[in-house]
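Below: the structure, in structure tokens.
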Amino acid sequence: MTTPRTVSSAVIDQVTTVDTSVLGVAPAMAMAALAQTLANSAAMAAMNAVFAQQQAFIAHQAATTAAVAMLLELIDD
């Protein structure tokens, strides 16, 4: 078994200061992580909306092309 050693009071004070600062910063870090998560979620929602608009435009364009092709076939007859 090792013999107990004395620790300088300056070391104890510094450890206490670091512990206190970590506990003091934790709520701010949690709020920052929450803000980043919310911003990322909003950006993903906007990206999904743009993707849905693009897909809808492609479907509308294909329907218009098919309708025009049918009309042209009627004119040719």
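For segment 43-51, state whether one or more residues are modelled with pLDDT under 95 and either in a helix (DSSP H, G or I) or touching a strand residue (DSSP E or B) at 6+ places or on another chain (Cβ under 7 Å) (or both). No, the conditions are met nowhere in segment 43-51. Does VAL18 meet the test of being surrounded by 10 or more Cβ atoms within 10 Å (Cβ to Cβ) and modelled with pLDDT of 85 or more? Judged against the criteria, VAL18 is not a match. The single condition from (1) more than 20 Å from the chain's Cα centre (by Cα); (2) outside any loop (DSSP other than H, G, I, E, B) that THR2 fails is (2).
The values are calculated or read from the model by the stated rules, or taken from the named source; none is laboratory data. All of these numbers come straight from a predicted model, not from anything done at the bench. Here Cβ is always computed from backbone atoms with ideal geometry, including for glycine, and neighbour counts include all displayed protein chains.
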